[in-house]
Structure formats: structure tokens, C-alpha cells
Amino acid sequence: MSKLERLLNLTAALLDTEMPLTAEKIWDRVGGYPDTKASFRRAFERDKDELRAMGIPIAVAAVPGTDPPIDGYVINRADYAGDELRFEPDELAALHLATNLVRLDGNDTGLMKLGGAAETGPDGITIADEVGRVPFDDALATLISAAADRKAVAFRYADTDRVVEPWRLSFSRGHWYLNGWDRVRGAERLYRFDRLQGPVQVAGAAEEPVGAVSDPLDLRGWELGDGEPTAARVFIDADQASWARHILGDVDDVDGGVVATLQVRNIEAFRSFVLSFLDHAEVLEPAEFRDDMVAWLRAMQ
């Protein structure tokens, strides 16, 4: 059993218990731990630290009915997911993937409680119909294992050979994204998984400490990319200024409108954003972005 499977098993066990579980109960219930008690304790302490570092609130509480009191461990559902569970279809699909990476006891799963169909119903709706499909293959499995085991990976991206230490994999907007430390660039980078070229291979142990991770949901389309960002300035007419402020936040007031400064990694997405204002926006700089826009518009005529 891989470390990823063990962490998922541990999380599921601590969520699916009515009272705190002792370390001995966890050793017995959760697969993948060493056979000796001392080795189990060391592995269990590391797993707790890693899950807490991911933001999973593992609580320590006395097990009811024990004298003297014995500490147990539990994940309170309200602390873990909030009072109300609301998931988009792609999030439910990702949860479906996670529940299928491990074997859960019983016929009921958390996915059913979260709104996913467990089997085909009388109306013909199945999990695949209701929550959609999540792309998954051997390359993605290699990345997930490398992230869990703190290994570097080698692959080709944008016609460049990369060696990356994975920090996080996330499924957003219908795509998998990889955050990690790019040894070639010497900085944290974000990659879209379906744009990786060729195989993904393990390339030794990770060396860089895990740092702050960019969430794809917090990034706009023109910010998604692995290269250095280019500052672009766009003039937007006054009659569209309130909308620009609403979607961009800070903009600079100028005569006749506002100027927005964007950090661009994806020129196609930047172009689409500018065109959403039709003839009420103009690219000021850099010159290559302005030229790109002019050339694209001329090609459309």
C-alpha cells in the first residue's frame, strides 16, 4: 500500500467514527502501517503532522469510558468541511476518484452523503452521468505518489525538459493542475497536466521545502502558466470602468477611463479578456502584446 492510500485511509477512519480512536485502534483498522509498535508510532506521528499541515483538523480527545483516560483521535466533520457541504460537479467527481483509490468498509460511502449517486437508479442516472468524469492515467498516478513520498519528477513541458518537486495536485475547471518547485526555473510554478509532453519519471528525492501553493481557483485565465509573468497595461473606457473594478479590483483612474495592470502568463487568455470589452479596451503595453492583438484582429477580417 502506498503512503497516499494510507493517508486517505487514515482520514476516512477518523472521519467515520462516533468516538475518538486510540492509536491501537488506528493501528488495527488502518492498513499500510509497519508491523512493530515502535515503527507504527513513528509513522503515525509523521502522518498526523502531514495531514495537519494540509489543513485537516485532527483533534485529540479522551476516549469515553476509559480509566485512566486514554487519548484518542478524531476529525470533526464540521471543522473539516463546514456546517454545509456544497460541491460543484467536478469537485464531486474528484471525491469519487478519491474514494475509489482506497477500499472503505461497508456499502455506504461519503460520496453518497455528499450528493453523488452510488449506482444506476431507476432514472438511469449513474455517478458518471451525475458528477462527470475525471481524467486519470499512469502519469497522474506517478505525480500523486511523488507528491506523497516527497520525490522529484522529470517531464517535458512547453518543449522544455523540467525537473519538478510536486507540492500539490488539484482538479479545477475541468483540468488537473500541478504546483511545485521547478529546479530549472528555480521557482514555484503551476502546470496544466494535460499539457505535459511525454512520460513522467521519478527523479530522486525532493530537496526544496514545501512552500506556499497557488490555487488555480484563485488565478485568472491569463495568470495560468509556467513562465515568468509579463506586466501588461490595458486602457478601459469610462463606461466599462465599474465592471473592470468589479472583476479586477485595483485599477488606475485616468482621463476617459481606467488602466488595469495584469500579470500575464497566458497570452491567449489575455487576448480573450481584452476582447470581452469589444472596442472599449486597448492594449497599451508591452508592444508585443499590442502587436499580437492587432495581428489577431486582422487575421479575423
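Every number here is computed from the coordinates shown, using simple stated rules; none is lab data. In this text, all values refer to a predicted model and were calculated from it rather than measured experimentally. We place every Cβ from the backbone using ideal geometry, glycine too, and count neighbours over all the protein chains shown.
Could you list 261, 11, 66 so that the one with the fewest beta carbons within 10 Å of its beta carbon is first and the one with the most is last? Could the numbers behind the result be given before it?
Numbers: 261 15, 11 20, 66 12.
By the 10 Å Cβ count, ascending: 66, 261, 11.
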For the range 275-288, 3J(HN,Hα) per residue [Karplus equation, 6.51 cos²θ - 1.76 cosθ + 1.60, θ = phi - 60°, Hz, x = Gly/Pro]: 5, 5, 8, 6, 8, 9, 9, 9, 6, 8, 6, x, 4, 5
Karplus-derived 3J(HN,Hα), 6.51/-1.76/1.60, for each residue of the range 26-31, Hz, glycine and proline x: 5, 4, 6, 8, 9, x
The range 224-301-the range 16-42 distance, computed between alpha-carbon centres (Å): 55
Estimated FRET transfer efficiency (residue 254, residue 39; beta-carbon r; R0 51 Å; 0.05): 0.20
Ratio of Rg to Rh over the range 215-301 (Cα coordinates, Kirkwood Rh, two decimals): 0.95
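Please compute the length gained on full extension between residue 282 and residue 50, using 0.36 nm multiplied by the number of residues separating them and subtracting their Cα-Cα distance. Don't jump to the answer; show the numbers that get you there.
On the way: separation 232, 0.36 × 232 = 83.52 nm, distance 4.76 nm.
Length gained between residue 282 and residue 50: 78.8 nm.
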All Cα pairs of the range 138-219, percent lying beyond 14 Å: 56
Distant-in-sequence amide H partners of residue 76 (H built 1.01 Å from N, under 5 Å): 59
Distance between modelled label sites at residue 300 and residue 168, nm, 7 Å Cα→Cβ extension: 3.4
